[in-house]
1. Quick check on the range 48-79: of everything there that is assigned to a helix (DSSP H, G or I) and touching a Leu at 6+ places or on another chain (Cβ under 8 Å), which residue is surrounded by the fewest Cβ atoms within 10 Å (Cβ to Cβ)?
2. Identify, from the list Leu167, Leu108, the residue that is assigned to a loop (DSSP other than H, G, I, E, B) and either closer than 23 Å to Thr45 by Cα or in contact (Cβ under 8 Å) with a residue 60 or more places away in the chain (or both).
3. Take the residues in the range 177-200 that are surrounded by 22 or more Cβ atoms within 10 Å (Cβ to Cβ) and part of a helix (DSSP H, G or I), then tell me which one is modelled with the lowest pLDDT.
4. Take the residues in the range 110-123 that are surrounded by 16 or more Cβ atoms within 10 Å (Cβ to Cβ) and not small (Gly, Ala, Ser); name whichever of them is nearest to Phe89 (Cα to Cα).
5. Taking the range 1-34 as the region of interest, how many residues are without any contact (Cβ under 8 Å) to a residue 12 or more places away in the chain, of a type in the set (Val, Ile, Thr) and in contact with a helix residue (DSSP H, G or I) (Cβ under 6 Å, 6 or more places away or on another chain)?
6. I need every pair where a residue in the range 48-63 that is in contact (Cβ under 8 Å) with a residue 24 or more places away in the chain has its Cβ under 9 Å from the Cβ of a residue that is surrounded by 17 or more Cβ atoms within 10 Å (Cβ to Cβ) and of a type in the set (S, T, N, Q), sequence separation at least 6 or different chains.
7. Which of (1) over 20 Å from Phe171 (Cα atoms); (2) surrounded by 21 or more Cβ atoms within 10 Å (Cβ to Cβ) is the odd one out, the single condition Asp25 does not satisfy?
8. Any idea which residue in the range 1-39 is modelled with the lowest pLDDT, counting only those that are part of a loop (DSSP other than H, G, I, E, B) and either of a type in the set (S, T, N, Q) or under 11 Å from the mean Cα position of the chain (by Cα) (or both)?
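The values are calculated or read from the model by the stated rules, or taken from the named source; none is laboratory data. Owing to the predicted nature of the structure, the values given are computational and were not obtained by experimental measurement. Cβ coordinates were reconstructed from backbone atoms using ideal geometry, including for glycine residues, and neighbour counts include every protein chain displayed.
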Amino acid sequence: MSSTDPYGRIRAAGLIAVIRAARPDEAVRVAGALLAGGIPAVELTFSTPGAAEALAEVRRRYGEEVLIGAGTIREPAQVEAAVRAGAAFLVTAHLRLDLLAAMLQTGLPVAPGVFTPSEVAQALDAGAQAVKLFPASTGGPRHLRALLGPFPGLRVIPTGGIGIDDLGGWFAAGALAVGIGSELAPRELVSTGRWDEITRLAERFAAAARAARTAPG
């Protein structure tokens, strides 16, 4: 799938774990805990201090076992740093056309953040092939369905405030994949190094995503 569709691995993963941490070593440990729990796609955000360093270390440790992307990108310099560190996809929380252009120039799969139809249209006109719906929880799956009316076939990765019980609704609405942040790696578990508990959360989310994606209708 991924050989013909640049978003194939993202679609196959189903879930993208969005990692925000206070330190790069925390981010690396979270990525390992999530991978152990069956979530192979992670988005390491540039709101994490030393994000590029952490991204490179995750790539070094886990290689092709993990699909690692860079998120919360806000400046072109961060695009360059993410690519050098080995990012396989690039994500923003907002739509900024010059930044999107810099991301597209890398040739990697990208997902700019959008919420409104106008933002979706601008992103598509600029060359985006997928978008991140953010914040997803404020619109819900009905918002995604509404966007797919004027934009049929739109690849959407809803992210923000999505819990385990919400997965079915998002996949049924047509999500390409779903981004999960603090629901997968709560700050209190990260700050106290409770990696096994994060792994168990990941196992639950992974199982719920599999069930949601194979449910009839």
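1. Among those residues, the one meeting the criterion is Glu65.
2. Leu108
3. Val190
4. This residue is Val110.
5. Of the residues in that region, 0 qualify.
6. Pairs that qualify, where the first residue is in contact (Cβ under 8 Å) with a residue 24 or more places away in the chain and the partner is surrounded by 17 or more Cβ atoms within 10 Å (Cβ to Cβ) and of a type in the set (S, T, N, Q), are Thr48/Thr72; Ala51/Thr45; Ala51/Thr72; Ala51/Gln78; Ala52/Gln78; Ala54/Thr48.
7. Here Asp25 meets the rest and fails (2).
8. By that ranking, first place goes to Ser2.
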